[in-house]
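Enquirer: The structure is given below, and queries will be raised subsequently.
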């Protein structure tokens, strides 16, 4: 019995090493491509004469994100529904640092993310090039500035995306649960008078939620990155739900609760 477990462990280690051997060179190639692409994206205009057309800068971000998740990490990406075209506020549940790249594979958007991400190797720089809006948690002045930038970009016909939960729970705490949505972030869509579209994100192995895509307790970004780089393929799903249709005068709290309920219902209905 012990020899069987030892053999399985050896096989697993060899398979993981093989994945690293294939994926690490692919990652290196993608990083080398990212440097000139990041410069191009930062220089290209963020919009077009037609707000319903995808700008070249957003298309580059979308294609690069697909190459990262599919080509390097081996993800199988499934989309359900369709993103709203033109200016829109996407609100999604938060599972992993990969959520930004996952949504980017379908529609590049200006994400609101914690300021620490700006210091992450490669990911931080790419996020900056993609127009990420960084927020210093716990600072009211930072939030006010972020809200102003969100309204400005929405009025410029650019899509904006946010995680209203405000953070990620560790896998051991049950990240499948959708926590309370902070209502204030919804105000920017009301001020800019643009649609709000809930988006449900999940990671799966077979029909089971793969909660281990999140950070394990005490795990660093680099540790999580390397663990997922060597893991077996995961199915990542993006569910674009119906835009919220409640009256604007209902207030931002009503929008926050409606968005959370739509996402939670979607996740509960999955097999």
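Enquirer: Find how much the distance from residue 248 to residue 114 grows on full extension, using 0.36 nm per residue of separation minus their present alpha carbon separation; answer in nm with one decimal.
Expert: Going from the current span to full extension adds 45.5 nm.
Enquirer: Take each of the peptides 158-167, 204-213, average the number of other beta-carbon atoms within 10 Å over its residues, and list them starting from the highest.
Expert: Output ranking for 158-167, 204-213: 158-167, 204-213.
Enquirer: Report relative contact order for the chain in percent, whole number only (criteria: Cα-Cα under 8 Å, sequence separation at least 6).
Expert: Across the chain, relative contact order equals 24 percent.
Enquirer: Using Cα centres only, tell me the gap between segment 212-234 and segment 239-260 in whole Å.
Expert: Taking the Cα centre of segment 239-260 as reference, the centre of segment 212-234 is 33 Å away.
Enquirer: Same structure again: Report the gain in length on full extension from residue 76 to residue 222: 0.36 nm times residue separation, minus Cα-Cα distance, nm rounded to one decimal.
Expert: Extra length available between residue 76 and residue 222 comes to 50.3 nm.
Enquirer: Distance in nm between label sites at residue 205 and residue 177, each 7 Å beyond Cα in the beta-carbon direction?
Expert: 2.3 nm
Enquirer: Another question, if that's okay. Starting from the Cα of residue 268, step 7 Å along the direction of its Cβ; do the same at residue 28; then give the gap between the two resulting points in nm.
Expert: For residue 268 paired with residue 28, the spin-label model returns 4.9 nm.
Enquirer: Based on DSSP H runs of at least 4 residues, each adding -39500 (n - 2.57), what is the mean residue ellipticity at 222 nm of the chain after dividing by all its residues, to the nearest 500 deg cm²/dmol?
Expert: The helix-only estimate for the chain comes to -14000 deg cm²/dmol at 222 nm.
Enquirer: Angle check, please: helix 252-269 long axis (alpha carbons) against the longest principal axis of the chain (alpha carbons), in degrees 0 to 90, nearest 10.
Expert: 30 degrees
Enquirer: In addition: Once semi-axes √(5λ) of the Cα gyration tensor in Å is worked out from the coordinates, which option in [x] 32, 22, 17; [y] 41, 29, 16; [z] 38, 27, 18 does it equal?
Expert: [x]
Enquirer: Using a cut-off of under 18 Å, list every residue of segment 65-86 whose amide N is near the label point 7 Å from the Cα of residue 20 along the Cα-to-beta-carbon line.
Expert: Inside the label zone: 72-74.
Enquirer: Continuing with this model, one more query. Can you give the extra length, in nm with one decimal, that the chain gains between residue 43 and residue 232 once fully stretched, where that is 0.36 nm per residue apart less the Cα-Cα distance?
Expert: Fully extending the segment from residue 43 to residue 232 adds 64.3 nm.
Every number in this text was worked out from the coordinates using simple rules, so none of it is lab data. These numbers come from a predicted model, not from an experiment. Because the Cβ atoms are built from the backbone with ideal geometry, glycine has one as well, and the counts that use them run over all protein chains shown.
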